[in-house]
Ligand SMILES: [Zn+2]
């Protein structure tokens, strides 16, 4: 689970929040994180487009 200390929320698609944060190498990562309590899914992507696609196709366990 990546540290979310520097997570900056950009948008929300359904229950999934898209944001950016820096990894340990200082590179900007685009993260998609589900906000549903029963889900807990999150993943990092190198582009915001990829993160948005993942958010749209996320099959939420909480549904
Ligand atoms: Zn979910």
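Please treat every number below as a calculation from the coordinates, not as lab data. Remember, predicted model here, so these are calculated numbers, not experimental data.
What the table shows:
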quantity: Relative contact order of the chain, pairs being alpha-carbon contacts under 8 Å that are 6 or more residues apart, as %; calculated: 26 percent
quantity: Translational diffusion of segment 8-57, µm² s⁻¹ [Kirkwood Rh, Cα pairs; Stokes-Einstein; 10 °C; 1.306 mPa s]; calculated: 149 µm²/s
quantity: The chain - mean residue ellipticity at 222 nm from DSSP helices (-39,500 (n - 2.57) per run, n ≥ 4, rounded to 500); calculated: -4500 deg cm²/dmol
quantity: Potential extension, residue 23-residue 37 segment - 0.36 nm per residue separation minus Cα distance; calculated: 2.6 nm
quantity: The chain: angle of helix 48-57 to the longest principal axis, Cα-based, in degrees nearest 10; calculated: 20 degrees
